1. Please go through the range 344-388 and write out the GluC sites (Glu not before Pro) that DSSP classes as loop and that have at most 12 other C-beta atoms within 10 Å.
2. Could you tell me the accessible area of residue 402 in Å² (1.4 Å probe, neighbours in place), rounded to the nearest ten?
3. Starting at the first residue of the range 395-400, write each ³J(HN,Hα) from the Karplus equation 6.51 cos²θ - 1.76 cosθ + 1.60 with θ = phi - 60°, in whole Hz, x for Gly and Pro.
4. Could you pull the Rg and Dmax for the range 203-326, using just the Cα atoms, both in Å?
5. Report, by chain and number, residues whose modeled amide H sits under 5 Å from the one on residue 358, excluding near sequence neighbours (fewer than 5 apart, same chain).
6. Leaving out ligands, DNA and RNA but keeping every protein chain, what accessible area does residue 235 have, in Å² rounded to the nearest 10, with a 1.4 Å probe?
7. Need one number: convex hull volume per residue for the range 263-336, Cα atoms only, in Å³.
8. Calculate what fraction, in whole %, of the accessible area of the range 229-300 sits on carbon and sulfur atoms when a 1.4 Å probe is rolled over the protein chains.
Amino acid sequence: MGSRYASHQLGNGLYVSGRPEQPKEKPPTMSSTAMPYTGGDIKKSGELGKMFDLHVEKSRKSGPISGPITGGPATSRTYSGSLSSSGVPVARTKSNSGPLNKHGEPTKKSSGPQSGGVTPMARQNSGPLAPVLPTTGLITSGPISSGPLNSSGAPRKISGPLDSTGSIKMRTTSFAHNQAVTNLNPDEGYSIASSFPKPIMWSVILLFVMGFIAGGFILGAVHNPVLLIVVVIIFGAVAALLVWNICWGKRAVIGFVGQYADADLRTAKDGQYVKVTGVVTCGNFPLESSFQKVPRCVYTSTSLFEYRGWDSKAANAKHRRFTWGLRSMERHAVDFYISDFQSGLRALVKTGYGARVTPYVDESIVIDIKPENKDMTPEFHRWLLERNLSSDDRIMRLKEGYIKEGSTVSVMGVVQRNDNVLMIVPPSEPFSTGCQWAQCVLPVSLEGIVLRCEDTSNIDVIPV
């Protein structure tokens, strides 16, 4: 009985409707045998042996490769596969070892679309790269070979953290050029000369000179030494007062700051000069101490002193013999927050961005260097080398002070309220301490924001 619908018979004798299915061509496949364990012998590893120019007795071929192969007769990669259509083996060169995929095949990287058959693709190779890199079209900054190079002229890969020299120089450079950091000069601190106007100082010197000339003239003319004796006594008293202020003036200023009454920020008026004592919190740019690497600081100070003997070198131009002289100093300050003990309010202290700051922060002796123990401190020699300072036979002393987060600090400045933001800013004019007659201390001018903090190296800070 005939039927309008086509049917065909399967292999098992069953008749089904429809036309028989056309056989499909199997796509070309590529496979590779797994790399055998070599046990460390280069000659037993085919790919590794080729990289070291060692001949291998037998090469592995697996799977045909269909399609034409474009490019020159010899390419920079090895194709594992069968012969070409003409029966001539495809020319090969040595290949380099590299990572394998899950099938045991070398991992290959390609960039961009490929058309027109199989084209040579760049492989990821181990070992030094060629100095001439292929053009990829990627726009980058700097030359191709920027950075350190190896012996073959290729860029050398560096892994791991930077050395201390590079990191310290980068950090020092960032401190010096960062606008948020105030770099304080060694002269910014207590100075008896800055408290007196120069016209008054030169007038006093001129009066003493005239007094000595007049006293000497009267003594020589009429043999009366009264005027000369009076001038000498007055000069001696003034000189003793100056020496007293030079030696004990800084301690008197610290006592004045400590005795100054704390203000309540809730009742403080805008523009009022106040003193606030509270706990410090870091701002957007915390600092790190130079030698001890104390993190999260708002003020750091590292000073290197040298003792000058009779035939020793001077640390600076004003260094006298048998005294300690300042050779190097690094002081930095940034904006921070302070939580007032009186009111509990939090205020922003503007000590960064080049603000005027007068610090009275205690420094502790970190290390004492003498010729007999100079070889026992490699960290100190590394610190000197990073700053291009000599480390010959000198008696040196390193001091470091800092205000870290959680420390208790006293701040003196002007209150400023701006859009519900409470700030303490430097005053427009210096603040005078006045004469402290009980201690025979002359007036001292305090410029900018005054920071007072005791030595916190042995004091537990308040966690914030």
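The values are calculated or read from the model by the stated rules, or taken from the named source; none is laboratory data. Here the structure is a predicted model, which means the values were calculated and not measured. Note that each Cβ is placed from the backbone with ideal geometry, even for glycine, and that neighbours are counted across all protein chains shown. The accessibility values were calculated without ligands, DNA or RNA, using every heavy atom of the protein model including side chains. Shrake-Rupley method; radii C 1.70, N 1.55, O 1.52, S 1.80 Å.
1. Here the sparse-neighbourhood loop sites are 372.
2. 20
3. 8, 10, 9, 10, 10, 9
4. Reported Rg and Dmax, both Å: 24.9, 75.
5. So residue 358 has HN proximity to 449, 450, 451.
6. That residue has around 100 Å² of solvent-accessible surface.
7. Dividing the Cα hull volume of the range 263-336 by its residue count gives 160 Å³.
8. The value for the range 229-300 is 65 percent carbon and sulfur by accessible area.
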